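Participant: One structure, pasted below without further comment.
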Amino acid sequence: MKSFVQYGAGNIGRGFIGQVFSQAGYEIKFVDVNMEVISAINSEHRYPVNILSNDASEEIWVKNVSGIDGVNSKLVAEAICDADMMATAVGVNILPKIVPNLVAGIKMRISEKNYTPFNIIICENLIDADKLLHQLIFEHLNEDEKKYFDQYIGLVEASIGRMVPIMTEEMKAGNLLRVCVERYCELPVDRAAFKGEIPDVPHLFPYSPFEFYIKRKLFLHNMGHCLTAFLGELNGDTYIWESIRNPYIKLFVLRAMTDSAVALSKKFQIPIEDIMDHVADLMLRFSNVALGDTNERVGKDIKRKLSKEDRFVGTLRMLEEVGGSSINVCLGIALGLSLETKVEEEAIVFLENTSGITKTDSVYLQILAFYKAIQNRSDLQALLQESEELKTEQLSKKIMV
């Protein structure tokens, strides 16, 4: 049986990557520092995945699984040395911390003269995750090891679109390993990054150029999802499905995602109809009541989500590049600022230092206008009026130019 190392036994690792490769005939070896989870995996050697939708639910069992303590570098290295392929799903902030174990495994493959191509699928929400991981690994390799790496090790970016909520005790239903997920199960990966043959795995979609999928995920899916959460928190909602059913929130989110879709179409020469089909699918998926996803989960970690290249500012810069409307994305940035800061002075410092948006940016005043309206406790209807006025002002300036 083929061996697959899944670094990260969390919700994405178990509820998506583990499922996909187990069903493709791989033995899955999970690596994690959560010993409660690892012990449970080694005790049961299988776990349930519940696929939830508004219409029905389905339970499947992921089998042929085992666990490895991520602190045990020797065991991790041996697993990587013997594996046919692996993936990471640990979170952007944790990625650097697993590099020593990755390096140990790669060096063991070199010492054992293993010249079989080895691909690492990077399942992290980060643009250029492959370049970051390449840099981090190369710091620990000598010149000969670097040559081996470049010839035999593939760093393959992936676009993780499946939504997995934080598991409550009720959702676990007495099983620590149970994961609840949506039905969507597509794993786009960077075709050009593979070394050797690309494995024939159901639900794995190799694509090139892959930049389109990475930016579609971050600037369309993640941006729209997070905007829903921000607006929902402003409105006092608990769940994503609850928020997206509000007509004002639905309008804001649809407008922002449409602006992004138009920009993606222009930038990558992809038919707008194809991207808008994806938008419609996302809007439907956001309304999945059974998934029970919360605004708190989707909207957390604001500093990262308002950073220079992440979902909001990254979308903003893309819109500026192709000449698209940015009003609705500006609202998202202002909403995040209102959740993270208390007064305008703090917001300005945050905007400049974290988001890289200064007084010289054309959107600067628009973001602050939304921020002031939110701080003045404007409701959704008032924000819609504010957005219409700012959009009219923006169009007037373009006409004058």
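Participant: I'd like the distance between the alpha-carbon centres of the stretch 215-292 and the stretch 330-397, rounded to an integer number of Å.
Facilitator: 20
Participant: Taking loop as defined by DSSP and a crowding limit of 12 other beta carbons within 10 Å, which chymotrypsin sites (Phe, Trp or Tyr not before Pro) in the stretch 62-165 fit? The partial results should precede the final answer.
Facilitator: Details: sites: Y115, F118, F138, Y148, F149, Y152; in loops: Y115.
Qualifying residues, ordered by number: Y115.
Participant: Consider all pairwise Cα distances in the chain and report the whole-number % of them above 33 Å.
Facilitator: 36
Participant: In the chain, if the dipole is taken from +1 on Lys/Arg beta carbons and -1 on Asp/Glu beta carbons about the Cα centre, which of L177, N246, I121 is farthest to the positive end?
Facilitator: I121
Participant: Using just the alpha carbons, could you tell me how many Å³ per residue the convex hull of the stretch 253-392 encloses? Write down the numbers at each step before the final one.
Facilitator: Values: hull volume 16.7 nm³, N = 140.
It is 120 Å³ per residue.
Participant: With unit charges on the beta carbons (Lys and Arg positive, Asp and Glu negative) and the dipole taken about the Cα centre of the chain, which residue among L351, V90, L339 sits farthest to the positive side?
Facilitator: Going by the charge dipole, the pick is L351.
Participant: Given +1 on the Cβ of Lys and Arg, -1 on the Cβ of Asp and Glu, and no further charges, what dipole in debye does the stretch 212-400 carry about its Cα centre, rounded to the nearest 20?
Facilitator: 340
Participant: Checking the cross-link filter: which aspartates and glutamates have an alpha carbon closer than 18 Å to that of K2, excluding same-chain neighbours under 8 positions apart?
Facilitator: Qualifying aspartates and glutamates at Cα under 18 Å: E27, E78, D82, D84, E197, D200.
Participant: Also: Relative to the longest principal axis of the chain, what angle (0 to 90°, nearest 10) does the C-alpha long axis of helix 380-400 take?
Facilitator: 80
Participant: A further question follows. Quote to one decimal, in nm, the extra length available between H203 and I94 on full extension: 0.36 nm per residue of separation minus the C-alpha distance between them.
Facilitator: Here the segment from H203 to I94 would lengthen by 36.6 nm.
Participant: What nm distance separates the two modelled labels at E273 and E389, each placed 7 Å from Cα along Cα→Cβ?
Facilitator: In this crude label model, E273 to E389 measures out at 4.0 nm.
Participant: Can you give me the distance in nm between label points at T360 and N72, each placed 7 Å from the Cα along the Cα-to-Cβ direction?
Facilitator: Using points 7 Å along Cα→Cβ, the separation is 5.5 nm.
Participant: Work out the FRET efficiency for D301 and V322 from their Cβ-Cβ distance, taking R0 = 41 Å, and round it to the nearest 0.05. Don't jump to the answer; show the numbers that get you there.
Facilitator: Values: r = 28 Å, r/R0 = 0.68.
For R0 = 41 Å, the calculated efficiency reads 0.90.
Participant: With a cut-off of 15 Å, note down the residues of the stretch 284-308 whose backbone N falls inside the zone around a label point 7 Å from the Cα of S53 toward its beta carbon.
Facilitator: Answer for this model: 284-291.
Participant: Let me ask something else about it. Given the options V313, S362, L234, identify the residue whose Cα lies farthest towards the positive end of the charge dipole of the chain (+1 on Cβ of Lys, Arg; -1 on Cβ of Asp, Glu).
Facilitator: S362
Participant: Follow-up question, since we're still on this one. Which entries of K146/K195; K113/K195; K215/K372; K63/K107 have Cα-Cα distances beyond 22 Å here?
Facilitator: Checking Cα-Cα distances, K215/K372; K63/K107 exceed 22 Å.
No lab work stands behind these numbers, since they all come straight from the coordinates. Computed from a predicted structure; not experimentally measured. We place every Cβ from the backbone using ideal geometry, glycine too, and count neighbours over all the protein chains shown.
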